[in-house]
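So the structure is just underneath, and the comments pick up after that.
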2 protein chains.
Amino acid sequence: MRKIVLAVGISLDGYIARPDGAVDFLFMSKDFSMEDFFKTIDTEIMGRKTYEVSLKLGGTFGSIPTYVYSNSLPPGERSGVIFTRESPARLVEQIRQKKGKNIWLMGGGQMAREFLKADLIDELHLGVVPVLIGAGIPLFPGGFPERSFALMENKSYSKGLISLKYRRARSRGPRD
Amino acid sequence: MRKIVLAVGISLDGYIARPDGAVDFLFMSKDFSMEDFFKTIDTEIMGRKTYEVSLKLGGTFGSIPTYVYSNSLPPGERSGVIFTRESPARLVEQIRQKKGKNIWLMGGGQMAREFLKADLIDELHLGVVPVLIGAGIPLFPGGFPERSFALMENKSYSKGLISLKYRRARSRGPRD
């Protein structure tokens, strides 16, 4: 089964971006690499804001199928991405009809909430930088039922970056 | 200098308690101990809600000086604790007039915000449990300037508990 992996960088107080979308507080450590992760995914899903920030930062699209959630932009394929308004459940079902690798859920906020509500997140990969920014777009904005996870990996990198990997623990009881 | 150490358990989405104050989602791992930490502190500061939850859970006070922030209860010493409305800066100045060990800041929310605004937090010790609870009292509610930290320790314990220790990094620039 192709897993849905929410993988993002966050501040220590849980923000994926500043209020205006800026992600200048995030950094990569020279001893940290996402190459192994990239080998495990072949599809990405993001929100419209993350898409626009990626474009601004010089990101290009089209090398792998990329779905962008937007209520304001019309659905359909344009500029190397597929704009969508499908429910997470339906979109994931569609993507999973084809065999492939894992699906990278890239972003947080409202999109993470909808995926958590539908219990569609199989793994969490969090890169946590050691700064409290005090305001921004939260990775986990609340408004979803309690979800338990199991820790798969916890590593420290230079400049205080930590990398946490969790997988969804769905068997611990009715509340999970 | 007696350090101020904010040390608490939190959910993976950054809550110190459920909306009603319950902390049933927190747990201790059998391979994790706070004994070494307790040896380093001799004073504690908490908010009124944390105080009341501690009382409900059978906590007793009086063995070490305990300050409880409350706007609703009159200031003064009663039942083994000292109720206070002092500014964090003034309270910390008072406590530091006596020599002693570190000061345990126990709690989050509004109190953590006020201490972060005054830049009085020297260390963060976070015990993070692997569950998203989706709603509650946030450790870091925002409303304070950006604060950078340096990672001191990152350890994993049984049942997926992780223990993170950071110290305030005050020398990286004017924004810090």
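The values are calculated or read from the model by the stated rules, or taken from the named source; none is laboratory data. Just so we're clear, the structure is a prediction, and the values are computed from it rather than from any experiment. All Cβ positions, glycine included, derive from the backbone under ideal geometry; neighbour counts span all protein chains shown.
So the values come out like this:
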| read-out | value |
| --- | --- |
| Residues that are at the interface with chain B (Cβ under 8 Å from one of its Cβ atoms) and in contact with a helix residue (DSSP H, G or I) (Cβ under 6 Å, 6 or more places away or on another chain), drawn from the stretch A:106-138 | A:P130 |
| Options B:I133, B:I82, B:I162; residue that is at pLDDT 95 or above and closer than 22 Å to B:K3 by Cα | B:I82 |
| Selection count where residues are closer than 30 Å to B:R113 by Cα and among the aromatic types (F, W, Y), scope the stretch A:1-39 | 3 |
| Residue, surrounded by the most Cβ atoms within 10 Å (Cβ to Cβ), within the stretch B:12-30, restricted to residues that are within 13 Å of chain A (Cβ to nearest Cβ) and of a type in the set (D, E) | B:D13 |
| Strands (runs of 3 or more DSSP E) completely within the stretch B:1-94 that count 2 or more residues being over 24 Å from A:D13 (Cα atoms) and not small (G, A, S) | B:41-47, B:66-69, B:76-78, B:81-84 |
| Every pair of residues 6+ apart whose Cβ atoms lie under 8 Å, when the first sits in the stretch B:145-172 and is more than 7 Å from chain A (Cβ to nearest Cβ) and in a helix (DSSP H, G or I) while the second is basic (K, R) and buried (at least 19 other Cβ atoms within 10 Å of the Cβ) | none |
| Residues located in the stretch B:84-102, provided they are closer than 27 Å to B:D20 by Cα and in contact with a Phe, Trp or Tyr (Cβ under 8 Å, 6 or more places away or on another chain) | B:T84, B:R85, B:P88 |
| Considering residues of the stretch A:117-135 that are over 14 Å from A:S29 (Cβ atoms) and small (G, A, S) only, the residue surrounded by the most Cβ atoms within 10 Å (Cβ to Cβ) | A:G134 |
| Test result for A:I103, crowded, with 16+ Cβ neighbours inside 10 Å, among the β-branched types (V, I, T) and under 16 Å from B:D13 (Cα atoms) | no |
| The stretch B:51-69, subset at pLDDT 90 or above and among the β-branched types (V, I, T), residue nearest to B:V81 (Cα to Cα) | B:T66 |
| Single residue of the stretch B:59-99 satisfying the filter (buried (at least 16 other Cβ atoms within 10 Å of the Cβ) and touching an Asp or Glu at 6+ places or on another chain (Cβ under 6 Å)) that is farthest from B:K49 (Cα to Cα) | B:P88 |
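Yes/no per residue for (1) out of contact with any His (no Cβ under 9 Å at 6 or more places or on another chain); (2) not β-branched (V, I, T):
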{"site": "A:K98", "(1), (2)": "yes, yes"}
{"site": "A:G107", "(1), (2)": "yes, yes"}
{"site": "A:F115", "(1), (2)": "yes, yes"}
{"site": "A:D119", "(1), (2)": "yes, yes"}
{"site": "A:V131", "(1), (2)": "yes, no"}
{"site": "A:E146", "(1), (2)": "yes, yes"}
{"site": "A:E153", "(1), (2)": "no, yes"}
{"site": "A:K165", "(1), (2)": "no, yes"}
{"site": "A:R168", "(1), (2)": "yes, yes"}
